[in-house]
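For reference, the structure is listed below as structure tokens.
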Amino acid sequence: MITTTLACADYLHLEEDIRALDRAGSDWFHIDIMDGHFVPNLCLNFDIVRAIRTISETPMDVHLMVTNPLKYVEVMAQNGVEAACTHLNTDDSVHEFLEALEEHGIRKGIALAPGDPAEAAIPFLSKIDFVLLLFVKPGFSGQQFQPEILKKLEALVMARKASGSQFIIEADGGVSFENAGELIARGADLLVAGAFANYDGRAPLYERTKEFCKVCKDLQGLYAGQISDKDRRKV
Ligand code: DX5
Ligand code: ZN
């Protein structure tokens, strides 16, 4: 499955892009929310989320890169956000954040930045629906994919098996047509499509999204029976 980051959308033609992504079959929309403090950048906001909701029912996963994630749970619930995750080193308690999401019926996730080891996820494994695994530093689209983080993906797949939990793994940052196979083969369930995938400019967004969805679906079909972690949730 793919979740298209709207951080790469054409803001002058946002409605056109949303409709193209929907027609092409993007399974989710990935919403990067930054506060200019936790990371040195600003990106989308909840007014934009609200506006998108008026033209699309595609589920949204919010990737919070903010110092106080708890502050945003209410507004996410009001706007029908389906899934959200926080980084671990914020000022708020991750456990409290996950509990607040649970109360509002939002799927619960944690995000691991390149500096966070896979073990940092362990205290949360029984409480989460997904782990967002970053292959670049949080804050900016267009950075180089860091292949050494593939080892962390494998460690998470092993931790999932050992813990018997069912969380899915979302790969974010630098995902491309070239590395999608490797990511899926190693156990990524959901790929964030951005600058190097459907927005790579090699064809209109609609066509590239359709193509990327097909590539990922075929790869997930191909590897579904072969991945050693047979218990993992069907994708
Ligand atoms: C980085 C963000 C990503 C970004 C995707 O802070 O979390 O979601 O938009 O990166 P690209 O577009 O480079 O794949
Ligand atoms: Zn993101």
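The values are calculated or read from the model by the stated rules, or taken from the named source; none is laboratory data. What you see is a predicted model; the values in this text were computed from it and never measured. Cβ sites come from the backbone with ideal geometry, for glycine too, and all protein chains shown count toward neighbours. Just the protein is used for accessible areas: all its heavy atoms, side chains included, with ligands, DNA and RNA removed. Shrake-Rupley method; radii C 1.70, N 1.55, O 1.52, S 1.80 Å.
Restricting the calculation to Cα atoms, the chain yields a radius of gyration followed by a Dmax of 16.5, 47 Å. Just the protein heavy atoms count here, and of the accessible area of the chain at 1.4 Å, carbon and sulfur take up 52 percent. Estimated from the Cβ-Cβ distance and a Förster radius of 45 angstrom, the FRET efficiency linking Ser93 and Tyr11 is about 0.85. Label-to-label distance, Arg53 versus Ser176, with points set 7 angstrom from Cα along the beta-carbon direction: 3.7 nm. GNM, the chain, Cα, under 10 Å: largest mean-square fluctuation among Val175, Val39, Val81? Maximum fluctuation in the GNM of the chain, among the listed residues, is at Val39. Build a GNM of the chain with springs between Cα atoms under 10 Å apart, and of Arg202, Arg186, Arg50 the one that fluctuates most is Arg202. Count Lys and Arg as plus one, Asp and Glu as minus one, and take only other residues whose Cβ is under 14 Å from that of Ile48; the net charge is then -3. Accessible area per residue for the range 26-156 is 43 Å², calculated with a 1.4 Å probe on protein heavy atoms, without ligands, DNA or RNA.
Scalar couplings 3J(HN,Hα) for the range 42-48, obtained by applying the Karplus form with A = 6.51, B = -1.76, C = 1.60 to θ = phi - 60°, are 10, 9, 7, 9, 7, 5, 5 Hz; x denotes Gly and Pro.
Residues considered: Ala171, Ala195, Ala100. Largest GNM mean-square fluctuation over the chain, using C-alpha springs under 10 Å, is found at Ala100. Counted by Cβ distance under 14 Å from Lys127, the other residues give a net charge of -2, where Lys and Arg count +1 and Asp and Glu count -1. Rounded to whole numbers, the Karplus 3J(HN,Hα) couplings from phi for the range 206-212 are 4, 5, 5, 5, 4, 5, 5 Hz, using 6.51 cos²θ - 1.76 cosθ + 1.60 with θ = phi - 60°, and x at Gly and Pro.
Rounded, prolate or oblate: which one fits the range 110-235, using the alpha carbon gyration tensor with axes a ≥ b ≥ c (rounded when a/c is under 1.5, else prolate when a/b beats b/c, else oblate)? Verdict is oblate for the range 110-235.
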